Structure formats: structure tokens, C-alpha cells
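The next block holds one structure in the form of C-alpha cells; read it before the comments.
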Amino acid sequence: MAEKYEINQTEVWDGNYAAAHALRQAQVDVVSAYPITPSTPIVENYGNFVSNGYIDGEFVMVESEHAAMSGCVGAAAAGGRVATATSSQGFALMVEVLYQASGMRLPIVLNVVNRALASPLNVRGDHSDMYLGRDAGWINLDAFNAQEAYDMNLCAFRIGEHLDVRLPVMVHQDGFITSHTAQNINPLQDEDAYKFVGVYQPVEEMLDFSKPVTYGAQTEEDWHYEHKARQHSALMRSTRVIDEVFADFKALTGREYKRVESYMMEDAEVAVVALGTTVETLRQAAKELRKEGLKAGVIAPRCFRPFPFDQIAEVCGDAKAVCVMDRSAPGGAMGAMFNEISAAILATGKRPLVTNYIYGLGGRDFSVDEAKRIFKEQKAHADAGHITTQIQQFSGLRGPRLGFFESKRS
Amino acid sequence: MAITSVKNLKEFSTSNERFEGAHLLCPGCAHSMIVRELMNCTDDNLVIATNTGCLEVSTAVYPYTSWDTSWIHIGFENAATAASGAEAMYKARKRKGTLKDPDASVKFVAFGGDGSTYDIGFQWLSGAVERGHDFTYICLDNENYANTGGQRSSSTPIGATTSTAQAGRVSYGKKEKKKDMVAIMAAHGAPYVAQLAPNKWKIMAQGFQKALETKGPCFINTVSACTTEWKFDPKDTIHLTDLATDSLMFPVYEIINGHELNILYRPKTIVPVEEYLNAQGRYKHLFKPENKHVIEEIKKGITETWEMLQRREEARV
């Protein structure tokens, strides 16, 4: 049996260390991993737990991230709990196997410590790795701080391994800002955490020799479509389980999570939508602006996949201007989240003025002051009754203002 | 089934039906013979990982499977890693007591063609062997990317024509020599490495058994004659493999612990390599006068390799 780890009610952990502890407490059977900045400490800390007897499972340090996810797939198909961590280029190298993991319906938990994609090479945080994997068929949960990185990991095992779901889950946290910033954290004791996560239930496992299984079969035009549709359906329907698990987690810890987190949206006139640590910056700005009389609110998809299409419009309420912020180079289009949020709002018939900011690429700082400026800009759109700037703009960029698409007024 | 008690090939080939005859491999393909032998030479439970390639696309087309055992395919390059992951999970679950049948004996095996072994999956194989997982990797070496229509691989011998290294008016086909994968895997310090051939089925089955019984990562390169891309009559697979081993194009040997080399088959009469080359369409162009030097080069290579193997066997290094 693994050694018990003495934990205080409040610990000072960074996001990486919090995630490593969550993996330890879930008593993961196999971690197959390859280090990369800024996710490396998750793997290193896990290695430390292994070396000191706090873990009974196997720790396989492979020769690349592609192999890390391949090892996870082989291990998960052999019927046990599996997790790993990566960032950026490592995530990019994994992408082929991400699709295979979800296609085989293997509930692997992957910590993605978000970092920019090269070129130019950059180790700092943005969401381009998250966006790269968004169609890979995984559940994507987003943590905005270190406490949430811990909490989301525990929830991720419960959600992914649920017999109605059986899908892999990514837990995202911002590189450095969350992963390397120590904060007060209230972890669960080992027994309580394990009890919450539960005993792993093998499904179609390769080590049950009474019932041989074939994993990774080929399907062409006769069956491929049906398989992918079922997989999508399982992902879309996982919302029920996600809500249940979040409710159980609240009952246990008092910490409440929703698939879309809204902050002061009940009467908001203007709203900004973002992911990651930016959410906390925006909340601070909104709180301060409320004192100045601006009815500002913040919307944050906790669950990036399955995308909470139905809840977005609901949360938007009667906001007159909504700005969607994408922390990923859009590559010749509007920001991806802008497109998704716009579509969700459009489907309800509401017509707020929706604009897009690209921001924070390669770890460029996003300040409370800049957040306030953006809120005020939304107020200007709302007051004018039309978009007063270009629809896509860039926040915090050096040089002349960059923007695209004018709002055409009839 | 213990190979020493086997009377004949017929008895052996039907001893343990875990690979169905119903599959989509070409008539005359040696892959199925090699796979069947591996699965027949042990009564242990098997977890088999297979790289993308002819074997994989021909044996697991939904809703059918030819595998009456645990089987997984992920991608082109990572069967060795899939086996690593499964083996790690087996160890973890055995320790924790969560296996359904903790007393069941199990062996982990990975199959790959030469494309996935010599080229695209080389790193994954190297990593898995370095980490020391207890598994056996078997390369079904047909010396080309047969599944995608016969392109060159780094296992394709010099002078063979392939769709991406074609013999033509100014080319004699592939210019480079075949990569020595057996030496590379022996250099990893793998406890058992061998090159085997299905025409020498008893030697091959014994080699498979040694690998399965050896703790740690083992690598076996098997010659798998490809009727489609080598261009010969499907009924001649074993005859052609006889020519391969008897001309010493494919010497049959093992290397134990990276240094102890044993030649496992010595032809009584060495067949001139021209007989082997002339039996296949892929070497036909070498018999034109302007390509004679290529045959000479092949012959020189065979002599050098055979000399090296014999010296190493003698010297025990």
C-alpha cells in the first residue's frame, strides 16, 4: 500500500504541485509522461511521490510526448486509471494519439499546462495548445487558479470514467500564471479524495482473458461515420454527468463549479468572455467598475468541450455588448471562441453587439486596467447602439493599432 | 505447445487456434504464417499490439477481427509503446490486486512491418527496449511499404525497384543498403535478438519461445516474402524464402545479451544469389548488362556479412 501523505487543511501549492497531488490521491495506476515546460513539475513531483513510496502505480518515463500518450492508450486499454501532463509543442506532438484515445473511448486524464505554440519559440502561457486539441473528442475542463487545477483533476477522473461517458478529459491551467504561482489551497485528505474519485471500473479490458477484445479496429465508409457520431453523442451527453459530479463536489467541499461560470451577469449591460487566469482579472475589473456604476459582468466557459452552447445565451441575459477574448493566434479568422459564442447567441435570436479581442499571446500580460478599458469600450458600443471599433482587435500589442472588419450600419 | 514435442508442421499449425484464417492478407503473404507460429508456440495469454500496416488493416476491419486474444492498434509508429503501457498496467494491477485473474500467465507482443520498425516507429521501439519492458517485438520484414503500394523503406535492399525508388532508364532502383536493424537492437543490450525465417519453422518457433520466455525486451526480425511487391507467384512463398536463407541474403541467427551470437541455420549448399534475385520481379532489371555491378555489390555484401557473423560467433563477442 502507498504511504499516506500528511496534508494540512491549507497548503501553499502552485498549480502544478496541486495537479500532481490530485493524481497521487486518485491512485493512478499508470502515468506515462515526457517533461516539457511549464508542465514538467507535475511529472517531476509525481516522480518524487513514486520514489518515496506514496504511489503504488507504475511511472513510465517515455522518449516523447507522442509515446507518452501512446503509453497512456495502451495502459488504459489494459483496464486501469491513467493520467499524464504536457504543454505546447509536446501537446502538438501528442495530437495524433489524442484522437485515438477518444476514438477508443479511454478515460485518460491529461493535464495541459497551456503554453504558446512555436514559431517563434515561447515557453509562456497562451491558449494555442488548448485550441489545437479542441476537436480531438476530449472533455475539456478549464481551471482558472491553482485550487481549481486540483479540484478539476479530481472531477476529471469521476467524469471521464463514468460508465455513461468513458471519454478522456483534459484539465487546462495557464502556464506559469497558474502552474508556477503558489497560492493557498484547501486540498482534501487522501481518503476523502480517493473516496470522491472512486475505485476504477475496467470496461472491455485487455487483461480479462476470458473475453478477448480488439482495440483500434479499422472502419471505412461503411461504419466510420456511425462510430464518430456515437462518440460525439457521448461527448454531448456527458453534460449530465459533469453537472452531477460538480454537484457532488460542492456537497463535499462547498466549492461550486458550473459548465459556464458567470460573474455579476444577472443585470449586466456589458460582458466579457474569457478562459484561464484572465477570468479573475476580468472579475476584479468588473467589481471595480460596478463601483463606478458600469454594470459589467464576466462569462467563463469552465467546460470548453462539450461546449455549453445552450447555457451561453442564457448567461448573456440582456447584455447589450459582449466581447469575446481569444488567447490564441486566430490564423486568418475571427477568434475560435468568438465564433462559438456568437453562434450560441445568434441561435437564441438575441442581438447584442459581439466583438473579438485577441490578447496575451506568448504570455503578454493582461492587466486589470486593460480589462477596464475593454469593458468601457463595450459600454461605448452599447450606448451608440452599434460597434464603434473594428470587430476584431488586438489588446496589448506594440506598434500601430491592428484590427479587422468594420461594422456596417444600415 | 512445447516445440520439442511437435511431430510436424500440420500438427503445430493447428495446435492453438488464436489467429483466424479469415483475414484479408494477400494469398501467399508470409505475415499470417509468422503470426500464427508466434501464437501457436505458447499457451500463455497474449496481449498483442500491432502497428498500422498490412497485418493491421487485414485483420481488424470492423465488425470483424481475426484475433482471438487481446489486441490493440493505435498508430503507425507506436505498437511498442502500446505494449509498454499495457505491460506497465499489468504490473501495477498485479501489485494492487485488481486483476480479474491474477494467476493467468501473460505475454506482451508487438508486431510491426519494416516501415513502422525501421523507419517511422524506430524511436518508439528504441525507447520501449531501452526502458526494459517485458515484451517481444516482431518485425514482419517485407522490405518495403507494402500496405501503401510498395514504396522504399530503409529495409529495402540495394537494387530493388520500388514505387519511390524506381528502376528506369538511368536508375537501377534503390541506391542505399538495407539498414542493419538486428545489430541496432542488439546494441540496445536487449537480452534476446534474432533474425528468423518462416521456411525454417522449427528454428523460428524455438526463437519465438526463447523471446517469450526471456524477461525483458526482445526483438525478432522475420523475413516475410511479399508476393505483391516482390512480384512472384503466391504459391512460391516458401520456395522464395528458402532461396533467401540459402543464398544468405537472409542469414538466420540470434544475439543473446547484445554479444553472444549464434548462427541458427547453415545452408548445406549456398545458393547463388542470382537464383534468389531472378525469382522476383523487383530485381529483374539487375540482369541487364549495365546493372551487373549492382549484383556484384549485393554478392560482396552477402560475403562480408556472412564472414562477420561467423567471426562473431567464433569469438563470442
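Just so it is clear, none of the values below were taken in a lab; they were calculated from the coordinates. Treat the numbers as computed from the prediction; the structure is a model and nothing was measured. In this analysis, Cβ positions are derived from the backbone assuming ideal geometry, glycine residues included, and neighbour counts consider all displayed protein chains.
Things to note:
- Between A:Gln189 and A:Asp318, the simple spin-label model (points 7 angstrom out along Cα→Cβ) gives 5.0 nm.
- For region A:46-91 and region A:282-306, distance of Cα centres in Å: 37 Å
- Extension gain, B:Gln151 back to B:Thr269 (0.36 nm per residue minus Cα-Cα distance, nm): 39.2 nm
- Among A:Gly276, A:Val213, A:Tyr54 - extreme Cα towards positive end, dipole of the protein assembly as shown, charges at beta-carbon: A:Gly276
- Along each principal axis, Cα extent of region B:219-317, largest first, Å: 41, 30, 24
- Rounded FRET efficiency, nearest 0.05, which uses the C-beta distance separating B:Lys292 from B:His239 and R0 of 30 Å: 0.75
- In Å, descending, principal axis extents of the Cα set of region A:11-253: 52, 45, 34
- Extent along principal axes [Cα atoms of the protein assembly as shown; Å; largest to smallest]: 99, 63, 46
- Equivalent ellipsoid semi-axes - Cα gyration tensor, region A:260-404, angstrom: 20, 18, 16
- Cβ-based exposure ranking for A:Glu96, A:Glu148, in which fewest neighbours within 10 Å come first: A:Glu96, A:Glu148
- Mean ellipticity per residue at 222 nm, deg cm²/dmol - from DSSP H runs of n ≥ 4 across chain B, formula -39500 (n - 2.57): -10500 deg cm²/dmol
- Positive-end extreme of charge dipole, the protein assembly as shown - chosen from A:Met264, B:Thr161, A:Ser32 (charges on Cβ): B:Thr161
- Two-site label geometry, B:Lys177 and A:Lys408: point separation in nm, points 7 Å out along Cα→Cβ: 6.9 nm
- Kirkwood Rh in Å, taken over all unlike Cα pairs in region B:117-239: 15.5 Å
- For the pair A:Ala384 and A:Thr10, a Förster radius of 56 Å applied to the C-beta separation gives a FRET efficiency near 0.70, rounded to the nearest 0.05.
- Dipole in debye (nearest 20) - chain A, about Cα centre, beta carbon charges: Lys, Arg +1; Asp, Glu -1: 1480 debye
- When region B:3-315 is described by a simple charge dipole with +1 on each Lys and Arg Cβ and -1 on each Asp and Glu Cβ, the residue from B:Ser66, B:Ile203, B:Ala183 located farthest towards its positive end is B:Ala183.
- Over chain A, equivalent-ellipsoid semi-axes from the Cα gyration tensor in Å: 36, 23, 20
- Here the average projected area of the convex hull drawn through the C-alpha atoms of region B:3-315 stands at 16.3 nm².
- Considering only the Cα atoms of region A:55-168, their convex hull presents on average a projected area of 7.3 nm².
- Calculated FRET efficiency for the pair A:Gln201/B:Met308, C-beta based, R₀ 60 Å, to 0.05: 0.65
- Dipole moment magnitude, nearest 20 debye, region B:234-294 about Cα centre, only Lys, Arg, Asp, Glu C-beta charged: 240 debye
- Only the Cβ atoms of Lys and Arg (+1) and of Asp and Glu (-1) were treated as charged; on that basis the dipole of chain B about its Cα centre amounts to roughly 260 debye.
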